[in-house]
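The values are calculated or read from the model by the stated rules, or taken from the named source; none is laboratory data. Note that the structure is predicted; figures quoted are calculated from it, not measured. Cβ placement follows ideal geometry from the backbone for every residue including glycine, while neighbour counts extend to all protein chains displayed. These area figures cover heavy atoms from the full protein model, side chains too; ligands, DNA and RNA do not enter into them. Shrake-Rupley method; radii C 1.70, N 1.55, O 1.52, S 1.80 Å.
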Amino acid sequence: MTAFDRRLTAARPDLAAIHLEGEVIAERYVLATPMRVAEPAVAVRAEPSTRTPLDTQALFGETVKIYDITPEGWAWGQLEVDGYVGWMPADALAPIGPAATHRVSAVRAFCFPEASFKAPIASWLSMNARVTVERVVEARGRLYAELDTGTFVPAHQLKTLNAAPETDPVAVAERFLETPYLWGGRTSMGLDCSGLVQIALHACGLACPRDSDMQEIVGAEVSRYRADWRRGDLLLWDGHVAFVRDANTMLHANAKDMCVAIEELTSGLARITASGTPLKTVRRVLV
(Lines give C-alpha, C1' and ligand atoms only; values in the text may rest on other atoms or scores of the structure.)
Protein backbone atom coordinates (compact mmCIF):
# COMPACT_ATOMS: atom_id res chain seq x y z
CA MET A 1 0.00 0.00 0.00
CA THR A 2 1.14 3.54 -0.71
CA ALA A 3 2.58 5.17 2.40
CA PHE A 4 0.16 7.51 4.14
CA ASP A 5 -0.47 9.05 7.54
CA ARG A 6 -2.94 6.66 9.15
CA ARG A 7 -4.10 9.51 11.44
CA LEU A 8 -5.43 11.51 8.49
CA THR A 9 -6.18 8.95 5.78
CA ALA A 10 -9.26 6.75 5.98
CA ALA A 11 -7.54 3.69 4.58
CA ARG A 12 -6.63 0.21 5.81
CA PRO A 13 -5.39 -2.80 3.81
CA ASP A 14 -8.90 -4.27 3.87
CA LEU A 15 -10.99 -1.11 3.50
CA ALA A 16 -10.75 2.52 2.46
CA ALA A 17 -12.97 5.52 1.83
CA ILE A 18 -14.37 5.46 -1.67
CA HIS A 19 -12.88 8.85 -2.52
CA LEU A 20 -9.42 7.32 -2.02
CA GLU A 21 -9.87 4.72 -4.75
CA GLY A 22 -6.94 5.09 -7.12
CA GLU A 23 -4.79 6.72 -4.43
CA VAL A 24 -4.44 3.84 -1.97
CA ILE A 25 -4.74 0.08 -2.36
CA ALA A 26 -7.44 -1.67 -0.36
CA GLU A 27 -9.60 -4.76 -0.73
CA ARG A 28 -12.74 -2.64 -0.97
CA TYR A 29 -13.84 0.99 -0.97
CA VAL A 30 -16.93 2.22 0.87
CA LEU A 31 -19.08 5.31 1.24
CA ALA A 32 -19.15 7.04 4.60
CA THR A 33 -22.17 7.10 6.88
CA PRO A 34 -22.26 10.47 8.68
CA MET A 35 -22.96 10.17 12.40
CA ARG A 36 -22.67 12.50 15.37
CA VAL A 37 -21.02 12.11 18.74
CA ALA A 38 -23.69 11.52 21.38
CA GLU A 39 -21.55 11.48 24.54
CA PRO A 40 -19.59 14.31 26.21
CA ALA A 41 -16.31 12.92 24.88
CA VAL A 42 -15.51 9.78 22.95
CA ALA A 43 -12.09 8.11 22.92
CA VAL A 44 -10.53 7.72 19.49
CA ARG A 45 -7.83 5.05 19.21
CA ALA A 46 -5.51 3.54 16.61
CA GLU A 47 -6.88 0.04 17.25
CA PRO A 48 -10.31 -1.29 18.34
CA SER A 49 -9.27 -2.00 21.91
CA THR A 50 -9.59 -0.16 25.20
CA ARG A 51 -6.01 -1.23 25.91
CA THR A 52 -4.77 0.89 23.00
CA PRO A 53 -3.53 4.36 24.06
CA LEU A 54 -5.83 7.30 23.53
CA ASP A 55 -5.07 9.15 20.28
CA THR A 56 -7.62 11.94 20.63
CA GLN A 57 -11.23 12.56 21.60
CA ALA A 58 -14.35 13.50 19.68
CA LEU A 59 -16.64 16.02 21.38
CA PHE A 60 -20.40 15.96 21.72
CA GLY A 61 -22.15 17.08 18.55
CA GLU A 62 -19.17 16.66 16.24
CA THR A 63 -19.73 14.83 12.98
CA VAL A 64 -17.87 11.62 12.20
CA LYS A 65 -17.71 9.88 8.83
CA ILE A 66 -18.08 6.19 9.67
CA TYR A 67 -16.73 3.59 7.24
CA ASP A 68 -16.92 0.41 9.29
CA ILE A 69 -18.67 -0.98 12.37
CA THR A 70 -17.53 -4.33 13.74
CA PRO A 71 -19.75 -6.98 15.36
CA GLU A 72 -17.92 -6.20 18.60
CA GLY A 73 -19.28 -2.64 18.54
CA TRP A 74 -16.29 -0.64 17.29
CA ALA A 75 -16.75 2.09 14.70
CA TRP A 76 -13.92 3.22 12.40
CA GLY A 77 -14.15 6.65 10.90
CA GLN A 78 -12.84 10.16 10.39
CA LEU A 79 -13.61 13.23 12.49
CA GLU A 80 -14.94 16.13 10.47
CA VAL A 81 -13.44 18.78 12.77
CA ASP A 82 -9.78 17.93 12.09
CA GLY A 83 -9.73 14.89 9.82
CA TYR A 84 -8.45 12.49 12.48
CA VAL A 85 -9.04 8.79 11.73
CA GLY A 86 -9.51 6.10 14.34
CA TRP A 87 -11.65 3.62 16.22
CA MET A 88 -14.35 4.58 18.72
CA PRO A 89 -17.26 2.85 20.48
CA ALA A 90 -20.20 2.63 18.09
CA ASP A 91 -22.71 3.04 20.91
CA ALA A 92 -21.30 6.54 21.58
CA LEU A 93 -22.52 7.67 18.16
CA ALA A 94 -25.99 8.55 16.91
CA PRO A 95 -27.62 9.35 13.56
CA ILE A 96 -27.26 12.90 12.31
CA GLY A 97 -29.99 14.99 13.88
CA PRO A 98 -31.01 18.64 13.63
CA ALA A 99 -28.21 21.01 12.65
CA ALA A 100 -26.16 22.39 15.53
CA THR A 101 -26.98 25.99 16.44
CA HIS A 102 -24.55 26.73 19.28
CA ARG A 103 -21.18 25.77 20.70
CA VAL A 104 -20.15 25.54 24.33
CA SER A 105 -18.12 28.63 25.21
CA ALA A 106 -17.53 27.78 28.87
CA VAL A 107 -14.68 25.51 29.91
CA ARG A 108 -17.35 23.03 30.99
CA ALA A 109 -21.14 23.20 31.09
CA PHE A 110 -23.48 20.94 33.02
CA CYS A 111 -26.68 19.61 31.47
CA PHE A 112 -29.69 19.39 33.77
CA PRO A 113 -32.89 17.37 33.30
CA GLU A 114 -34.91 20.50 34.04
CA ALA A 115 -34.36 24.25 34.10
CA SER A 116 -32.78 24.29 37.54
CA PHE A 117 -29.16 24.26 38.62
CA LYS A 118 -30.26 22.35 41.73
CA ALA A 119 -31.43 19.38 39.68
CA PRO A 120 -29.20 16.28 39.47
CA ILE A 121 -26.68 16.58 36.64
CA ALA A 122 -27.70 14.61 33.58
CA SER A 123 -24.49 15.10 31.61
CA TRP A 124 -21.73 17.60 30.88
CA LEU A 125 -20.22 19.29 27.85
CA SER A 126 -16.74 20.65 27.22
CA MET A 127 -15.68 23.79 25.39
CA ASN A 128 -16.36 23.69 21.63
CA ALA A 129 -18.94 20.91 21.87
CA ARG A 130 -21.76 21.58 19.43
CA VAL A 131 -25.41 21.55 20.47
CA THR A 132 -28.84 22.21 19.05
CA VAL A 133 -30.89 24.70 21.07
CA GLU A 134 -34.65 24.33 20.67
CA ARG A 135 -35.67 27.23 22.88
CA VAL A 136 -34.51 29.44 25.74
CA VAL A 137 -36.57 29.42 28.92
CA GLU A 138 -36.45 31.54 32.06
CA ALA A 139 -36.63 29.94 35.49
CA ARG A 140 -36.25 31.92 38.70
CA GLY A 141 -34.48 34.75 36.95
CA ARG A 142 -32.05 32.53 35.03
CA LEU A 143 -32.00 31.71 31.35
CA TYR A 144 -31.58 28.10 30.27
CA ALA A 145 -31.14 26.72 26.78
CA GLU A 146 -33.22 23.62 26.18
CA LEU A 147 -31.32 21.26 23.91
CA ASP A 148 -32.73 18.72 21.49
CA THR A 149 -31.53 16.08 23.97
CA GLY A 150 -34.19 17.28 26.40
CA THR A 151 -31.63 18.70 28.83
CA PHE A 152 -31.05 22.29 29.93
CA VAL A 153 -27.80 24.28 29.95
CA PRO A 154 -27.28 27.78 31.41
CA ALA A 155 -27.73 29.94 28.32
CA HIS A 156 -24.73 32.18 29.00
CA GLN A 157 -22.41 29.17 28.64
CA LEU A 158 -23.29 28.84 24.96
CA LYS A 159 -22.64 30.96 21.88
CA THR A 160 -24.36 30.78 18.53
CA LEU A 161 -22.21 29.30 15.79
CA ASN A 162 -22.21 32.61 13.95
CA ALA A 163 -21.25 34.66 17.03
CA ALA A 164 -17.93 36.48 17.03
CA PRO A 165 -15.18 34.08 18.10
CA GLU A 166 -12.70 34.64 20.90
CA THR A 167 -9.75 36.83 19.95
CA ASP A 168 -6.99 35.72 22.34
CA PRO A 169 -6.15 32.00 22.30
CA VAL A 170 -3.84 32.38 25.28
CA ALA A 171 -6.68 33.85 27.36
CA VAL A 172 -8.79 30.85 26.36
CA ALA A 173 -5.98 28.45 27.29
CA GLU A 174 -5.52 30.21 30.64
CA ARG A 175 -9.05 29.22 31.57
CA PHE A 176 -7.80 25.60 31.59
CA LEU A 177 -5.02 26.22 34.12
CA GLU A 178 -4.46 23.20 36.36
CA THR A 179 -6.61 20.96 34.17
CA PRO A 180 -5.02 17.49 34.47
CA TYR A 181 -2.66 16.34 31.74
CA LEU A 182 -4.12 13.48 29.69
CA TRP A 183 -2.35 12.00 26.69
CA GLY A 184 -4.77 12.37 23.78
CA GLY A 185 -7.16 14.45 25.89
CA ARG A 186 -9.19 17.22 24.32
CA THR A 187 -11.62 18.26 27.05
CA SER A 188 -11.82 20.17 30.31
CA MET A 189 -11.50 16.84 32.14
CA GLY A 190 -7.99 16.33 30.78
CA LEU A 191 -5.90 17.31 27.79
CA ASP A 192 -2.45 17.19 26.29
CA CYS A 193 -0.25 19.95 24.87
CA SER A 194 -1.60 19.91 21.32
CA GLY A 195 -5.15 19.38 22.55
CA LEU A 196 -4.94 22.60 24.55
CA VAL A 197 -3.63 24.50 21.52
CA GLN A 198 -6.35 23.09 19.28
CA ILE A 199 -9.14 23.89 21.74
CA ALA A 200 -7.95 27.48 22.15
CA LEU A 201 -7.49 28.12 18.43
CA HIS A 202 -10.84 26.55 17.54
CA ALA A 203 -12.52 28.81 20.10
CA CYS A 204 -10.95 31.71 18.20
CA GLY A 205 -12.37 30.47 14.91
CA LEU A 206 -8.96 29.32 13.67
CA ALA A 207 -8.35 25.98 11.98
CA CYS A 208 -5.86 23.77 13.77
CA PRO A 209 -4.82 20.14 13.26
CA ARG A 210 -4.71 17.76 16.21
CA ASP A 211 -1.12 16.70 16.93
CA SER A 212 1.94 18.83 17.61
CA ASP A 213 3.85 17.58 14.55
CA MET A 214 0.89 18.64 12.40
CA GLN A 215 0.83 22.03 14.12
CA GLU A 216 4.38 22.76 12.92
CA ILE A 217 2.92 24.27 9.76
CA VAL A 218 0.15 26.33 11.39
CA GLY A 219 0.44 30.05 10.72
CA ALA A 220 3.74 31.60 9.65
CA GLU A 221 7.25 30.84 10.84
CA VAL A 222 8.80 33.28 13.30
CA SER A 223 12.43 33.84 14.18
CA ARG A 224 13.80 31.78 17.04
CA TYR A 225 15.17 35.02 18.45
CA ARG A 226 13.19 35.42 21.64
CA ALA A 227 12.82 39.18 21.32
CA ASP A 228 10.70 38.58 18.19
CA TRP A 229 8.15 36.41 19.98
CA ARG A 230 4.78 37.69 21.11
CA ARG A 231 1.74 36.46 22.98
CA GLY A 232 -0.02 33.65 21.14
CA ASP A 233 3.01 32.38 19.21
CA LEU A 234 3.49 28.61 19.24
CA LEU A 235 6.75 27.10 20.46
CA LEU A 236 7.22 23.64 18.95
CA TRP A 237 9.61 20.85 19.83
CA ASP A 238 9.56 17.25 18.65
CA GLY A 239 6.44 15.97 20.37
CA HIS A 240 5.50 19.12 22.27
CA VAL A 241 3.94 22.55 21.83
CA ALA A 242 3.41 25.58 24.07
CA PHE A 243 1.94 29.07 23.82
CA VAL A 244 4.10 32.12 24.38
CA ARG A 245 2.19 33.87 27.18
CA ASP A 246 4.32 37.00 27.52
CA ALA A 247 7.98 38.04 27.38
CA ASN A 248 8.83 35.86 30.36
CA THR A 249 6.42 32.91 30.44
CA MET A 250 4.88 30.17 28.36
CA LEU A 251 1.64 28.24 28.88
CA HIS A 252 1.30 24.54 28.13
CA ALA A 253 -0.19 21.24 29.16
CA ASN A 254 2.83 19.21 30.18
CA ALA A 255 3.84 15.94 31.78
CA LYS A 256 6.27 17.62 34.21
CA ASP A 257 3.46 19.33 36.10
CA MET A 258 0.86 16.81 34.87
CA CYS A 259 -1.48 19.70 34.18
CA VAL A 260 -1.89 22.94 32.25
CA ALA A 261 0.66 25.28 33.76
CA ILE A 262 2.51 28.57 33.33
CA GLU A 263 6.27 28.12 33.17
CA GLU A 264 9.09 30.65 33.14
CA LEU A 265 10.50 30.81 29.62
CA THR A 266 14.23 30.77 30.33
CA SER A 267 14.17 27.80 32.67
CA GLY A 268 11.48 26.01 30.69
CA LEU A 269 13.34 26.28 27.40
CA ALA A 270 16.53 25.10 29.09
CA ARG A 271 14.75 22.18 30.76
CA ILE A 272 13.19 20.92 27.53
CA THR A 273 16.44 21.36 25.59
CA ALA A 274 18.30 19.41 28.27
CA SER A 275 15.85 16.53 27.80
CA GLY A 276 17.18 16.14 24.24
CA THR A 277 14.51 18.05 22.33
CA PRO A 278 15.72 21.52 21.33
CA LEU A 279 13.23 24.09 20.08
CA LYS A 280 12.30 23.16 16.52
CA THR A 281 10.20 26.03 15.22
CA VAL A 282 8.12 29.03 16.29
CA ARG A 283 4.84 29.75 14.53
CA ARG A 284 2.62 32.84 14.56
CA VAL A 285 -1.09 32.11 14.28
CA LEU A 286 -2.35 35.65 14.94
CA VAL A 287 -1.56 38.35 12.39
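At 222 nm, what helix-only mean residue ellipticity would the chain give, in deg cm²/dmol to the nearest 500, using -39500 (n - 2.57) for each DSSP H run of four or more?
About -2500 deg cm²/dmol.
Can you work out the accessible area per residue across the chain, with the rest of the protein chains kept in place, probe 1.4 Å, in square angstrom?
47 Å²
Restricting to DSSP loop positions (anything but H, G, I, E, B) with no more than 13 other Cβ atoms inside 10 Å of their own Cβ, which chymotrypsin sites (Phe, Trp or Tyr not before Pro) remain in the range 212-287?
Those that pass, being in a loop and sparsely packed, are Tyr225.
Restrict the search to the range 142-224; then list the GluC sites (Glu not before Pro) that DSSP places in a loop and that have at most 11 other Cβ atoms within 10 Å of their Cβ.
Here the sparse-neighbourhood loop sites are Glu178.
Roughly speaking, what is the centre-to-centre gap between the range 202-247 and the range 1-47 when only Cα atoms are used, to the nearest Å?
Going from one Cα centre to the other spans 28 Å.
Would you please report the Å³ per residue occupied by the convex hull of the alpha carbon atoms in the range 1-112?
127 Å³
Please report the antiparallel percentage of DSSP beta bridges with both residues in the chain, rounded to the nearest 5.
Around 95 percent antiparallel, to the nearest 5.
Test of the criteria: in the range 32-107, which trypsin sites (Lys or Arg not before Pro) are in a DSSP loop and have at most 11 other Cβ atoms within 10 angstrom of their Cβ?
Arg51
Count the net charge of all other residues whose Cβ sits under 10 Å from the Cβ of Ala247, scoring Lys and Arg as +1 and Asp and Glu as -1.
Every neighbour counted, the sum reads +3.
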